[in-house]
Amino acid sequence: MAFKNRKKNYPLYETTKFSNFREMIENVAERYPNKVAFQYKLDPKVKEASKITFAECRDYVRALSTELHSMELEDKKIAIIGGASVDWFMSYTAIMNVGAVTVPIDKELPVSDIASIINTAKCEYIFFACDMLEKIKAVCAEAPVATHLVSMCGEAEGATPLTDLRAAGAKKFAAGDRTYFEYPINNEKLSSIVFTSGTTGQGKGVMLSLKNICSDMEQGMYNFEITERTLFALPPHHTFGSTVNFVGHFAQGCEVYISSGLRYIMEELKTFKPTHLILVPLFVETFYKRILAGAEKAGSLEKLQERYQGIQQSPQGRNRYEKQALRQVGAF
């Protein structure tokens, strides 16, 4: 067995202990109140990114959770549909804080598939991004169980703006409502239903508790190093994105840049300069192809391939190859 022959154990990295999302967000905001939690661009063409600190995220979740409590949403199923955004992440957190059940859904699915998931999970509420409005209208026509809509980015026909819920909750919290703190969160009850991609048939709903999600990250963080900054380029409905790239990194106080999409990633890498990346094979393959194309265009493909051979020879060779590869990525 190969692992028996290793000379030493792999190191265990720092982890953060939390049993639910309320503990997670209160703890990280206390440790890093003024540190930037997220950077993002509402318009990828603008120069400057917007920023939100960990303390501001905490206040966002306190306010939204307070209002969701007043709406008596405990045990309600709530679909979340849209791309990665601060509103998506904070809604995801607040919904589970109040004992409701999140149902993250791929925004790229056909209307019939989204409606099928909503009907199957019995989602009475849909939180959605504004670019989804027309699709959501079509979904609701096929999913009459969904009777309440919440727009995550302002005014939208037939929907309550998320900003209104936040404002109402903030007012209640400021007036002394402490339901957010007093509510006894059950970490072992159903908190999220994640539907599989359905590659070999109809997608199945995977039932997760807060204990499932939080213990996964608490234990998982021992196994890899989280550095200062990372890029969120994964779909948020995917468990690898929502759990590892959001929960795991947020809990550790890592600054996250929310990508505007695959077409902007190369520019975002140059601008934001993440110190590590969380990716799936599609992105790695895309980087690999662009690195090779850039090297070929620059006339340095042969040299890059020679450096690659150094990976098998020594750590020094690996470092030289990695630096060359990063320069090629920076060319895009």
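Values quoted throughout were computed directly from the atomic coordinates according to the rules given, and no laboratory measurement underlies them. This one's a predicted model, so the numbers in the text were calculated from it and none came from an experiment. Heads up, the Cβs are rebuilt from the backbone with ideal geometry, glycines too, and the neighbour counts pull from every protein chain shown.
Place a +1 charge on the Cβ of each Lys and Arg in region 1-106 and a -1 charge on the Cβ of each Asp and Glu, then give the dipole magnitude about the Cα centre in debye, rounded to the nearest 20. Present the calculation step by step, with values, prior to reporting the outcome.
Working: 16 positive and 14 negative charges, 194 e Å.
I would put it at about 940 debye.
How big is the charge dipole of the chain about its Cα centre, in debye rounded to the nearest 20, if each Lys and Arg gets +1 on its Cβ and each Asp and Glu gets -1 on its Cβ?
Here the chain has a charge dipole of around 1460 debye.
Kindly point out, ordered by number, any Cys in the chain whose beta-carbon has no other cysteine beta-carbon under 4.7 Å away.
Isolated Cys, the chain: CYS57, CYS123, CYS140, CYS214, CYS254.
Please identify, among GLY220, GLY82, GLY248, the residue showing maximal mean-square fluctuation in a Gaussian network model of the chain using a 10 angstrom Cα cutoff.
GLY220
Can you list the HN-Hα couplings for region 175-190, worked out from phi with the Karplus curve (6.51, -1.76, 1.60; θ = phi - 60°), rounded to whole Hz and with x for Gly and Pro?
7, x, 5, 10, 4, 3, 7, 7, 5, x, 5, 8, 6, 9, 7, 4
Subtract the Cα-Cα distance of LEU277 and GLU302 from 0.36 nm times their separation in residues, and report this length gain in nm to one decimal.
Numbers: separation 25, 0.36 × 25 = 9.00 nm, distance 2.66 nm.
Here the answer is 6.3 nm.
In the chain, what percentage of the DSSP-assigned beta bridges are antiparallel, given to the nearest 5? Walk me through the numbers before you get to the answer.
Numbers: 9 of 32 bridges.
So the antiparallel bridges amount to about 30 percent of the total.
Per DSSP helix of 4 or more residues, -39500 (n - 2.57); summed, then divided by the residues of the chain. What does that give at 222 nm, rounded to the nearest 500?
Details: 12 runs with 140 residues, N = 332.
Computed mean residue ellipticity for the chain: -13000 deg cm²/dmol.
In sequence order, what are the phi-derived ³J(HN,Hα) couplings for region 75-82 according to the Karplus relation 6.51 cos²θ - 1.76 cosθ + 1.60 with θ = phi - 60°, rounded to whole Hz, with x for glycine and proline?
Karplus-based 3J(HN,Hα) across region 75-82 equals 6, 6, 8, 10, 7, 10, 10, x Hz.
Give the residue from LEU269, GLN39, MET207 lying farthest towards the positive end of the charge dipole for region 8-279; charges sit on Cβ (+1 for Lys and Arg, -1 for Asp and Glu) and the dipole is referred to the Cα centre.
LEU269
Quick one: go through region 208-252 and flag any residue whose amide nitrogen is under 12 Å from the point 7 Å out along the Cα-to-Cβ line of TYR10.
Under 12 Å, as judged by backbone N against the label point of TYR10, lie 220-225 of region 208-252.
When Lys and Arg each count +1 and Asp and Glu each count -1, what net charge do the other residues less than 13 Å away from LEU162, Cβ to Cβ, add up to? Let's see the in-between values first.
Numbers: positive: ARG166; negative: GLU67, ASP87, GLU155, ASP164.
Local net charge: -3.
Once Rh for the chain is found with the Kirkwood sum over Cα pairs, what is the Stokes-Einstein diffusion coefficient at 10 °C and 1.306 mPa s, in µm²/s?
Diffusion coefficient, whole number: 74 µm²/s.
Under the rule that an exposed site lies in a DSSP loop and has at most 10 other Cβ atoms within 10 Å, name the longest stretch of the chain with no trypsin sites (Lys or Arg not before Pro) of that kind, not counting the sites themselves.
Numbers: sites that count: ARG6, LYS7, LYS8, LYS45, LYS47.
Formally, the longest exposed-site-free interval is 48-332.
My understanding is that a pair violates if its Cα-Cα distance is over 19 Å; which of LYS41/LYS270; LYS41/LYS273; LYS17/LYS51; LYS107/LYS135 do that in this structure?
On the way: LYS41/LYS270 15 Å; LYS41/LYS273 16 Å; LYS17/LYS51 26 Å; LYS107/LYS135 9 Å.
Checking Cα-Cα distances, LYS17/LYS51 exceed 19 Å.
Between region 256-310 and region 29-98, how far is it from one alpha carbon centroid to the other, in angstrom?
So the separation of the two Cα centres works out to 30 Å.
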